[in-house]
Every structure is written in C-alpha cells, then in structure tokens.
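K.L.:
Here's a structure for you.
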Amino acid sequence: MTLHRIALTLLATLIVGGHIAMWTSDMPKDLALKLTLINAAGWGIVLIPAYGVSRWARAQRPMAARED
C-alpha cells in the first residue's frame, strides 16, 4: 500500500510539474488553458475510477485478510 501511495504521489507531482512547465513556457495562454483542462479531465477519468475500484476491493476483503 505504501508503494502505491508513493507511485501516486510521484505521478501527481509529474503531472502538476508538466502543467507548471507548460504555463511558464511561451505557449499562448488560451492554448495552455485548453490543454490543461483536457489533461486534467483525462487524468480524472483514469484515476478516479481506479481509486474507486481500489476502495471497493479493500471493502470486499474479509477482516482476517486485512490483519495480515
């Protein structure tokens, strides 16, 4: 579980860093806004269901398996 949190934190850091780099470049701001919104929506579509499935799977495990 700790490895998953580290990986998710690293992924979020890279995504935010990429957005910061895009916004500080000489790209037109309206294009940067459009790309940021598309990218954020795409990652939301990928990560939110994955998080939901993870929570559901954890709730389905028996209590004995959780204690191991």
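The values are calculated or read from the model by the stated rules, or taken from the named source; none is laboratory data. Predicted model only: the values in this text are computed from it and were never measured. Reconstructed Cβ throughout: ideal geometry from the backbone, glycine too, with neighbour counts over all protein chains shown. Ligands, DNA and RNA are excluded from the accessible area calculation, which covers all protein heavy atoms including side chains. Shrake-Rupley method; radii C 1.70, N 1.55, O 1.52, S 1.80 Å.
K.L.:
Filter the stretch 56-65 down to the residues that are part of a helix (DSSP H, G or I) and within 26 Å of Ala7 (Cβ to Cβ), then identify the one that is most open to solvent (accessible area, probe 1.4 Å).
P.N.:
Out of the qualifying residues, it is Trp56.
K.L.:
Within the stretch 25-55, how many residues turn out to be among the charged types (D, E, K, R) and under 25 Å from His4 (Cα atoms)?
P.N.:
1
K.L.:
So, in the stretch 3-42, of the ones that are open to solvent by less than 100 Å² (accessible area, probe 1.4 Å) and among the polar types (S, T, N, Q), which residue ends up farthest from Ala57 (Cα to Cα)?
P.N.:
Ser25
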